[in-house]
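Colleague: This is the structure I want to talk about, given as structure tokens.
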Amino acid sequence: MKILFAASEVYPFIKTGGLADVAGSLPKALAQAGNDVRVVLPRYSDIPLRFQENMDFVGFTYSDVGWRHQYCGIFSLIQDGVTYYFLDNEQYFKRPGLYGYFDDGERFAFFSKAILDFLPVVQFAPDIIHLNDWQTAMTAMFMRTTASNNIWCNHASSVLTIHNLKFQGVFPKENIHNLLGLGWEWFRDGGVEFNGNINFLKGGLNFADKITTVSPTYAEEIKTEFFGENLDGLIRRRSWDLVGIVNGIDNDAYDPGNDSKIKYNYDHQSLIKKFLNKCDLAYSHGLDIGVSQEMYEDALVIAQGPEAGKAKYEDALKRFNAVYTDPATRPRPIISIISRLTSQKGLDLIERVLEDIMGTNLCFIVLGTGDQKYEDLMRYAESRWPGRFSANLMYNDALSRQIYAGSDILMMPSLFEPCGLSQLFALRYGTIPLVRETGGLNDTVKSYDPISDTGNGFSFHDFNAHDMLNTLWRAISFYYDQYGTWPKLQERAMQIDYSWTVSAQKYMDLYNSIR
């Protein structure tokens with residue numbers, strides 16, 4: 001099958017969030033299943049030079065944005081069996097960053113049209129055009145309106161994936177012709193009208209052949225008023241065409257056994273090296289987890305195994321276990337948050353009970369940027385609890401992996417979470433997720449039940465700070481008081497398969513249903 005996957009960001013070329021991870025991993029999995037997969041994205045100036053230098057110039061075309069006849073350069077690069085196309089227009093994409101500009105409507109109206117206009121140049125007639133979020137959603141509408149005579153796409157079927165319904169691409173209604181080139185007849189409920197404005201995502205939802213979102217629970221949630229972001233009525237009307245498919249992760253790109261960005265590589269059978277990564281993380285960020293030099297050196301000997309010498313190994317193991325299994329001397333757990341710092345991510349719950357959290361015998365590390373309110377909260381916490389709280393207000397891929405490898409519990413108390421990838425990365429690295437039961441968090445993290453010995457994390461249902469706090473206390477009680485439980489949870493987490501294999505097959509089943 002010939003598949004064109006269109007997204008506004010794709011890892012490893014450019015990334016601001018989870019969309020890039022999906023757009024970087026799913027096409028690769030589809031290609032490995034024997035499909036001809038092409039990916040198209042803007043050629044941003046922020047794409048690293050090492051990629052830009054390897055791109056081949058394919059040709060050019062023009063795309064009409066209202067009255068503007070805009071140049072579109074086409075570059076290509078083949079990687080991991082997938083052909084990537086980069087659409088170039090310096091007016092729109094030669095600037096720092098991806099989003100947040102006053103002309104985002106014009107920029108992504110251009111990109112949505114160019115997705116179809118570049119096909120004749122590269123001589124590719126896809127069977128499926130898979131669109132993602134509002135930045136590409138209007139392509140589904142263009143396929144049935146302004147580009148309906150384009151022979152390279154008029155036999156294709158369209159799939160639109162909602163990664164986060166909150167972001168919809170809403171702009172003043174005058175842009176229906178100025179940007180989209182559509183007549184006023186499309187300014188209605190079955191077109192792009194949205195509370196007196198135009199809505200790019202709504203246009204896609206009305207015209208895509210199938211709609212997917214990134215977890216089964218979120219697919220049900222967005223049919224309700226609370227989660228539906230004023231589009232729940234439309235989504236209910238199209239519920240027969242809506243499918244929830246949980247995201248996967250790239251097991252090759254996120255593999256603690258081969259990750260070059262962490263100090264000690266490990267798997268579920270060598271968790272002592274995860275402990276060493278924890279020590280390394282604590283040391284580099286000034287966290288006092290209560291590990292003596294002797295304990296650290298014993299861990300190094302244990303990591304070598306009997307090769308260090310049988311007597312030396314056995315003595316180190318005996319000393320280490322005596323300290324590690326005693327709740328009174330066990331090193332403090334490191335709790336982590338790797339996230340955008342916004343209200344969606346449940347930071348209001350953290351703020352409400354932060355004093356209670358830090359009153360527990362633990363350390364805390366945060367990585368992310370976001371709203372000033374929450375960044376200030378993290379700065380305050382770092383100054384309030386030196387040696388126990390580390391605030392890293394940035395995005396840093398290497399540090400995120402070091403935190404996955406070195407922390408014990410990852411917190412995701414989200415108000416809503418379409419899928420979430422951080423909990424999947426955490427599981428892959430043997431870090432136990434603590435989540436609220438919403439969206440993809442509910443689909444991928446099951447709360448530990450000691451009676452049946454099932455589950456891979458800890459969870460709470462209501463968006464309530466004290467429910468979250470009690471769940472954290474429950475997790476920490478297992479960490480301190482039931483030593484045998486914790487490594488078993490870590491081993492189980494690391495052996496769960498959240499790769500794209502299963503999810504990619506579900507997408508293939510969906511594609512085949514509309515061909």
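Each reported figure results from applying straightforward, stated rules to the coordinates on display, with no laboratory input. It should be emphasised that the depicted structure is a prediction, and the values quoted were computed from it without experimental measurement. Note: ideal-geometry Cβ built from the backbone for every residue, glycine included; neighbour counts use all protein chains shown.
Colleague: Suppose every Lys and Arg Cβ carries +1 and every Asp and Glu Cβ carries -1, with no other charges. What dipole size does the range 114-220 come out with about its Cα centre, to the nearest 20 debye?
Modeller: 80
Colleague: Can you spot the lysines whose alpha carbon is less than 16 Å from Lys28's alpha carbon? Ignore those fewer than 8 places along the same chain.
Modeller: Lys2, Lys506
Colleague: In nm, to one decimal, how far is the Asn54 label point from the Lys488 one, both placed 7 Å along Cα→Cβ?
Modeller: Roughly 4.5 nm, to one decimal.
Colleague: Let me ask something else about it. Which distance in Å, rounded to a whole number, links the C-alpha centroids of the range 294-332 and the range 206-239?
Modeller: 52
Colleague: Let me ask something else about it. Positive end of the charge dipole of the chain (Lys, Arg +1 and Asp, Glu -1 on Cβ, about the Cα centre): tell me which of Thr136, Gly439, Asn149 has its Cα farthest that way.
Modeller: Of the candidates, Asn149 comes out farthest on the positive side.
Colleague: Sticking with the crude label model, points 7 Å out along Cα→Cβ, report the distance from Ala311 to Ser239 in nm, one decimal please.
Modeller: About 7.3 nm separates the two model spin labels.
Colleague: Another one. Is the C-alpha gyration tensor of the range 329-476 telling us rounded, prolate or oblate? Criteria: a/c under 1.5 is rounded; beyond that, a/b larger than b/c is prolate, otherwise oblate.
Modeller: Since a/c stays below 1.5, the shape of the range 329-476 is classed as rounded.
Colleague: Roughly how many debye, to the nearest 20, is the charge dipole of the chain about its Cα centre, given +1 on each Lys and Arg Cβ, -1 on each Asp and Glu Cβ, and no other charges?
Modeller: Computed about the Cα centre, the dipole is about 280 debye.
Colleague: Any idea what angle helix 372-384 forms with the longest principal axis of the chain, computed on alpha-carbon atoms, 0 to 90 degrees, nearest 10?
Modeller: 10
Colleague: Could I ask something else about it? Which listed residue (Ser390, Phe416, Gly359) has the Cα farthest towards the positive end of the charge dipole for the range 333-455, taking +1 on Lys and Arg C-beta and -1 on Asp and Glu C-beta about the Cα centre?
Modeller: The residue sitting most towards the positive pole is Ser390.
Colleague: Measure nothing fancy, just the Cα-based angle from helix 272-284's long axis to the longest principal axis of the chain, in degrees from 0 to 90, nearest 10.
Modeller: Roughly 80 degrees between the two axes.
Colleague: A further question follows. Remind me, relative contact order of the chain in percent, using alpha carbon pairs under 8 angstrom and six or more residues apart?
Modeller: Relative contact order of the chain: 12 percent.
Colleague: Let me ask something additional. Could you point to the residue in Asn258, Pro333, Gly370 farthest towards the positive end of the range 234-379's charge dipole, with +1 and -1 charges on the Cβ of Lys/Arg and Asp/Glu respectively?
Modeller: Gly370
Colleague: If exposed means no more than 14 neighbouring beta carbons inside 10 Å and the site is in a DSSP loop, what's the longest run of the chain without any exposed GluC sites (Glu not before Pro)?
Modeller: Value returned for the longest uninterrupted segment is 226-515.
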